[in-house]
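Down below is the structure, laid out as structure tokens.
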Amino acid sequence: VQLQASGGGLVQAGGSLRLSCAASGLTFNTRFVGWFRQAPGKERDFVAAINWGSGMTYYADSVKGRFTVSRDKANKMVYLQMNSLKPEDTAVYYCARSSTIVSALRMPTMYDSWGQGTQVTVSS
């Protein structure tokens, strides 16, 4: 089962986008849903994560204060609101699920159910 990210697009620097993650395939032991991004030629990097149960959120330093992750448990959706976008935010954004512990939630290897991702392009 894959989590499917959507909502990407082309936006000017300083603009906003809201990404959605359809998480209908979450298993009973899901602890976190995470957002990651990967730019061409670079590794997949942690962006944000949310504890599916408590709603507690975690962010990479590079997006803290600009991005907000949230969830809708009833509809099994996770969102990433991205404000004040910068050209360096350009990447393919993915969502995935994990049953890992807090100390490891920034590691993409701790996640599974990756979907195809959605392209975000920020022009200067």
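When we screen 29, 51 for residues that are out of contact with any Cys (no Cβ under 8 Å at 6 or more places or on another chain), open to solvent by 40 Å² or more (accessible area, probe 1.4 Å) and among the polar types (S, T, N, Q), the only hit is 29. Applying the condition of being among the β-branched types (Val, Ile, Thr) and assigned to a loop (DSSP other than H, G, I, E, B) to the range 82-116 and asking which residue is nearest to residue 62 (Cα to Cα) yields 90. Please determine, by comparing only the residues of the range 26-41 that are over 21 Å from residue 6 (Cα atoms) and not hydrophobic (A, V, I, L, M, F, W, C), which one is modelled with the lowest pLDDT. Among those residues, the one meeting the criterion is 29. Within the range 37-57, the residues that satisfy the criterion of being farther than 23 Å from residue 88 by Cβ, in contact (Cβ under 8 Å) with a residue 12 or more places away in the chain and not in a strand (DSSP E or B) are 52, 53, 55.
Output yes when any residue across the range 99-117 is under 10 Å from the mean Cα position of the chain (by Cα), under 19 Å from residue 23 (Cβ atoms) and buried (at least 19 other Cβ atoms within 10 Å of the Cβ), and no when none is. Yes, because at least one residue in the range 99-117 is under 10 Å from the mean Cα position of the chain (by Cα), under 19 Å from residue 23 (Cβ atoms) and buried (at least 19 other Cβ atoms within 10 Å of the Cβ). Pairs are defined by a Cβ separation below 8 Å, a sequence spacing of at least 6 or placement on different chains, a first member in the range 110-123 that is of a type in the set (Phe, Trp, Tyr), and a second member that is open to solvent by 20 Å² or more (accessible area, probe 1.4 Å); the pairs so defined are 114/2; 114/94. Taking the range 58-79, which residues are farther than 17 Å from residue 5 by Cα and either touching a Lys or Arg at 6+ places or on another chain (Cβ under 7 Å) or surrounded by fewer than 16 Cβ atoms within 10 Å (Cβ to Cβ) (or both)? Of everything in the range 58-79, those that are farther than 17 Å from residue 5 by Cα and either touching a Lys or Arg at 6+ places or on another chain (Cβ under 7 Å) or surrounded by fewer than 16 Cβ atoms within 10 Å (Cβ to Cβ) (or both) turn out to be 61, 62, 64, 65, 66, 74.
The values are calculated or read from the model by the stated rules, or taken from the named source; none is laboratory data. Values in this document were obtained by computation on a predicted structure and should not be read as measured data. Note that we place each Cβ from the backbone using ideal geometry, even for glycine, and neighbour counts take in every protein chain shown. Ligands, DNA and RNA are excluded from the accessible area calculation, which covers all protein heavy atoms including side chains. Shrake-Rupley method; radii C 1.70, N 1.55, O 1.52, S 1.80 Å.
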